[in-house]
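Undergrad: Input: one structure, supplied below.
The values are calculated or read from the model by the stated rules, or taken from the named source; none is laboratory data. A quick note: this is a predicted structure, and the numbers were derived from the prediction, not measured. Cβ coordinates were reconstructed from backbone atoms using ideal geometry, including for glycine residues, and neighbour counts include every protein chain displayed.
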Amino acid sequence: MASISFIIPVFNQWAYTEPCLQALARTIPAPKTDEKHEIILVDNGSSDETQAQLKSAANTAWGHAQLRYIRHEQNIGFNAASNAGAQASSGSILVFLNNDTVPQNGWIEGLLAALQLPKVGIVGPKLLFPETLTINHAGYSYNPAIGGFFPFYYGKPATFPPVCKPREFQALLGACLMMRREDFFALNQFSLDGLEDIDLCLKVRASGKRVLYTPRSEVWHHGGATFKKTDKALIPRMTNEAFFQAWPSAMLQQDDVRFYREDGYAVIIHEDTQTVELIAEHHAATQLLKEAQVAWARSEHDAAIELAKRSLQIYRRNISGLRQLSLWLVEKNRADEATEFSQQLEFLAGMR
């Protein structure tokens, strides 16, 4: 195991920071004899008990790590604080962590295992809302029609099958990210004040490395505790303008529909409300097949065949759809086309 530096920017909110630190004391694994883990708290000018609490604990052992404290007299923002923590760190692995998180047992081991996979440059865990244990973040998908990057399967149960498998994304949420120290500095650290976590992940991809979500690591995340509970005048201004200049939509991949298809869903995008409606593939396929049967009954044979093909593109294991389409193609003297579907039908029937 490599030496790890855990970097946590804080601005007040000791009620969240304390359980985060307690969780770290429980979950950071013991280092090997030649390694040292450290927790670096970067205080952006807190005025609550944060300063007194962290000053008293500074430079002491904290579980299997050494706790260090850096104080700024004013709020320099998340990005600058994270960069300052990284610059003061000594670990070969960096973990950027929000103070309103509660890491769970095995989270570090899960992240490290993912980071060791071929060409992986940055990894993130399954982030869950503590109150409901539903998905806060399991990767960002991208669709410009509904506002760009959005959290994949937001609000779904923690056990929802599509969030229980590793997946490569374009970007991950910055509430918890692990990467190698050398990569972080080679990519110019957090370099934007707005969508900085997505920017960092995109830079990782542009360098030829992968951005990986792993469900083997679970972290509870309240989400936005500092922003929700702080006077906005005390938070440095952030803007997304620099991000859109650096990453125009032509450079990004619309990947949400592909992901949904991989997971067995058809999808309807509601651009007016910027929402996504998921439909189990077999239901969508069945509806199209019904439309095809209606078209055939009206003697709209070509339209019926195209609708049936679309139905099978959505759900390829539909035996009734394969049988119907094969019969229609034979009836229209298109036996060569029918062969492909009849062979699929024989294969699936033999598996029953």
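Undergrad: Give all pairs with beta carbons closer than 8 Å in which a residue from the range 184-195 that is modelled with pLDDT of 95 or more and surrounded by 15 or more Cβ atoms within 10 Å (Cβ to Cβ) meets a residue that is of a type in the set (D, E, K, R) and part of a loop (DSSP other than H, G, I, E, B); count only pairs at least 6 apart in sequence or on separate chains.
TA: Final answer for the pair search is none.
Okay, residues lined up against (1) out of contact with any Lys or Arg (no Cβ under 6 Å at 6 or more places or on another chain); (2) touching a residue at least 24 places away in the same chain (Cβ under 8 Å); (3) in the same structural domain as VAL211 (by TED's automatic domain parsing):
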site	(1), (2), (3)
SER249	yes, yes, yes
GLU271	yes, yes, no
ALA304	yes, yes, no
LEU307	yes, no, no
ILE314	yes, yes, no
ASN318	yes, yes, no
LEU322	yes, yes, no
LYS332	yes, yes, no
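Undergrad: Any residue in the range 54-67 that's more than 16 Å from ASN99 (Cβ to Cβ): show its pairings with residues that are surrounded by fewer than 17 Cβ atoms within 10 Å (Cβ to Cβ) at Cβ separation under 6 Å, as long as the two are six or more apart or on different chains.
TA: GLY63/ALA25; HIS64/ALA30
Undergrad: So, in the range 131-153, how many residues would count as being surrounded by fewer than 19 Cβ atoms within 10 Å (Cβ to Cβ) and either within 15 Å of GLU218 (Cα to Cα) or modelled with pLDDT of 95 or more (or both)?
TA: Residues flagged as surrounded by fewer than 19 Cβ atoms within 10 Å (Cβ to Cβ) and either within 15 Å of GLU218 (Cα to Cα) or modelled with pLDDT of 95 or more (or both) within the range 131-153 amount to 4.
Undergrad: Please state which of the following conditions SER217 fails to meet, knowing it meets all the rest: (1) small (Gly, Ala, Ser); (2) more than 27 Å from ARG167 (Cα to Cα); (3) modelled with pLDDT of 95 or more.
TA: (2)
Undergrad: Here's a follow-up. Among the residues that make up the range 293-312, is at least one of them surrounded by 12 or more Cβ atoms within 10 Å (Cβ to Cβ), under 28 Å from LYS165 (Cβ atoms), out of contact with any Leu (no Cβ under 7 Å at 6 or more places or on another chain) and modelled with pLDDT under 85?
TA: The answer is no; no qualifying residue exists.
Undergrad: Sticking with this structure for a sec: Given the range 160-221, what strands (runs of 3 or more DSSP E) lie entirely inside it while holding 2 or more residues that are among the β-branched types (Val, Ile, Thr)?
TA: Because the criterion is at least 2 residues that are among the β-branched types (Val, Ile, Thr), the strands (runs of 3 or more DSSP E) in the range 160-221 that meet it are 210-221.
Undergrad: Quick one: which of LEU173, LEU115 is crowded, with 18+ Cβ neighbours inside 10 Å, of a type outside the set (Ser, Thr, Tyr) and under 10 Å from the mean Cα position of the chain (by Cα)?
TA: LEU173
Undergrad: Filter the range 24-64 down to the residues that are touching a Phe, Trp or Tyr at 6+ places or on another chain (Cβ under 9 Å) and part of a strand (DSSP E or B), then identify the one that is farthest from ALA2 (Cα to Cα).
TA: Going through the qualifying residues, I end up with ASN44.
Undergrad: Sticking with this one: Which of the residues that make up the range 86-96 are within 18 Å of PHE11 (Cβ to Cβ), surrounded by fewer than 24 Cβ atoms within 10 Å (Cβ to Cβ) and either in contact (Cβ under 8 Å) with a residue 60 or more places away in the chain or in contact with a Pro (Cβ under 8 Å, 6 or more places away or on another chain) (or both)?
TA: Within the range 86-96, just ALA86 meets the criteria.
The rows are residues; the columns are (1) in contact with an Asp or Glu (Cβ under 8 Å, 6 or more places away or on another chain); (2) over 24 Å from GLU109 (Cα atoms); (3) among the hydrophobic types (A, V, I, L, M, F, W, C).
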site: MET178; (1), (2), (3): no, no, yes
site: LEU195; (1), (2), (3): no, yes, yes
site: SER207; (1), (2), (3): yes, yes, no
site: HIS221; (1), (2), (3): yes, no, no
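Undergrad: Hey, can you tell me all the residues within the range 97-112 that are polar (S, T, N, Q) and surrounded by fewer than 18 Cβ atoms within 10 Å (Cβ to Cβ)? Steps first, answer last, please.
TA: Step one: of the range 97-112, the residues polar (S, T, N, Q) are 98-99, 101, 104-105.
Hits for the range 97-112 are GLN104, ASN105.
Undergrad: Additional query: I'm told GLN245 meets every condition in (1) assigned by TED's automatic domain parsing to the domain that holds PRO162; (2) part of a strand (DSSP E or B) except one. Can you identify the failing condition by its number?
TA: Among (1) assigned by TED's automatic domain parsing to the domain that holds PRO162; (2) part of a strand (DSSP E or B), the lone unmet condition for GLN245 is (2).
Undergrad: Which one is nearest to GLU35 (Cα to Cα), of the residues in the range 56-77 that are surrounded by fewer than 17 Cβ atoms within 10 Å (Cβ to Cβ) and among the hydroxyl-bearing types (Ser, Thr, Tyr)?
TA: THR60
Undergrad: On to the next question. Specify the residue that is modelled with the highest pLDDT; the eligible residues are those in the range 244-272 that are in contact with a strand residue (DSSP E or B) (Cβ under 7 Å, 6 or more places away or on another chain), within 13 Å of ILE314 (Cβ to Cβ) and not aromatic (Phe, Trp, Tyr).
TA: Looking at the filtered set, the residue picked out is VAL257.
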